[in-house]
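> My structure is below; once you've seen it, I'll send some questions.
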Amino acid sequence: MVKTQGMKKSKNVLLGTALAGALIVSTGFGTYSWFTSESNAQAEMKNGILQINGGGNIDTPIFTAEQFAPSQLHYGEWLSISNTGDMDAHIKATYTHSVDKASLEGYEVGFIAMKYTVKPDENAYEDSKIKLDHLFNGTTNEVLSSNNDGKNRVEMLGTLLSAKQIESGEILVGDGENEQFWELDEGQYIDIMMGIKLDESAGNEYQGASYKAGLNVIAKQTDDGSTYETK
């Protein structure tokens, strides 16, 4: 068979078309590279700690006394309440007491308290004790004072409790929800001392009687709607 010029041209056209198709197919399986950018954000949140006195009890006894008799006034020990957490707190302090063989109406009870960030010197504690003595002797009413010396600021609060409060056996000494003194900021302290007096009119029914007392201190958040834990 004789190949003509036209046949050669047709073959070249078909070959060119086949090669072009192969080229298109091969580039179709390739990859593309585009400019991109990325940004991420992350978070971790740690809850606050609401804690007083490191979560433990107050080791110091409220008072230590023996041979207590009518007309005598006994000063308790200084009890320290500290905000050891990292959140501000409302403090609620409740004093409970009882006596066997006789009635609570023979007793007078009062307290003096100081709030501070930097511990005061001994003169401040002696001055507080004098103010507590004045409360029982009737020379002053409620004690309210504040020394606004920067971080050395000391606030003082003291009062003599009413006969009705004493005879109830359970006395609300302070509540930060209603009284600013008992709002304890992070790193702040309240030192409190109780005073107990047996009235001059107490008779023989009080001989050998045992007076017992306790102080319960609880804290709660300062946020609206928060409540004290009940047991």
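The values are calculated or read from the model by the stated rules, or taken from the named source; none is laboratory data. Since this is a predicted model, take the numbers as computed values, not measurements. Here the Cβ is made from the backbone with ideal geometry for all residues, glycine too, and neighbour counts use every protein chain on show. Ligands, DNA and RNA are excluded from the accessible area calculation, which covers all protein heavy atoms including side chains. Shrake-Rupley method; radii C 1.70, N 1.55, O 1.52, S 1.80 Å.
> Taking the Cα centre of the range 115-166 as the origin and placing charges on Cβ (Lys, Arg +1; Asp, Glu -1), which of G150, Q165, S128 is farthest toward the positive end of the dipole?
Q165
> Next question, about the same structure. When the dipole is taken about the Cα centre of the chain, and only Lys, Arg (+1) and Asp, Glu (-1) are charged at their Cβ, what size is it in debye, to the nearest 20?
The calculated dipole for the chain is roughly 3080 debye.
> To the nearest 0.05, how large is the calculated FRET efficiency for S168 and M87 if R₀ is 35 Å and r is the Cβ-Cβ distance?
0.65
> Please name which of G208, Y189, A102 has its Cα lying farthest along the dipole of the chain towards the positive end, using unit charges on Cβ (Lys, Arg +1; Asp, Glu -1) and the Cα centre as origin.
The Cα lying farthest towards the positive end belongs to Y189.
> Within the accessible area of the chain, what % is carbon and sulfur when the probe is 1.4 Å and the other protein chains stay in place?
That fraction is 48 percent.
> Determine the relative contact order of the chain: mean sequence separation of Cα pairs under 8 Å and six or more apart, normalised by residue count, in whole percent.
Value for the chain: 31 percent.
> Additional query: Restricting to DSSP H runs of at least four residues, report the calculated mean residue ellipticity at 222 nm for the chain, -39500 (n - 2.57) per run over all residues, nearest 500 deg cm²/dmol.
About -6500 deg cm²/dmol.
> What is the magnitude of the charge dipole of the range 30-123 about its Cα centre, with +1 placed on the Cβ of each Lys and Arg, -1 on the Cβ of each Asp and Glu, and no other charges, expressed in debye to the nearest 20?
Using Cβ point charges on Lys, Arg, Asp and Glu, the range 30-123 gives about 200 debye.
> Relative contact order for the range 114-163: what is it in percent, counting Cα pairs under 8 Å that are at least 6 residues apart?
Relative contact order here is 45 percent.
> Work out, step by step, the length gained on full extension between E142 and E177: first 0.36 nm times the residue separation, then minus their alpha carbon distance; give nm to one decimal.
Here the answer is 10.6 nm.
> Just the accessible area per residue of the range 67-194, please: how many Å² with a 1.4 Å probe?
50 Å²
> Just to confirm the number: angle between the C-alpha axis of helix 122-137 and the first principal axis of the chain, 0 to 90 degrees, nearest 10?
Between helix and principal axis, roughly 50 degrees.
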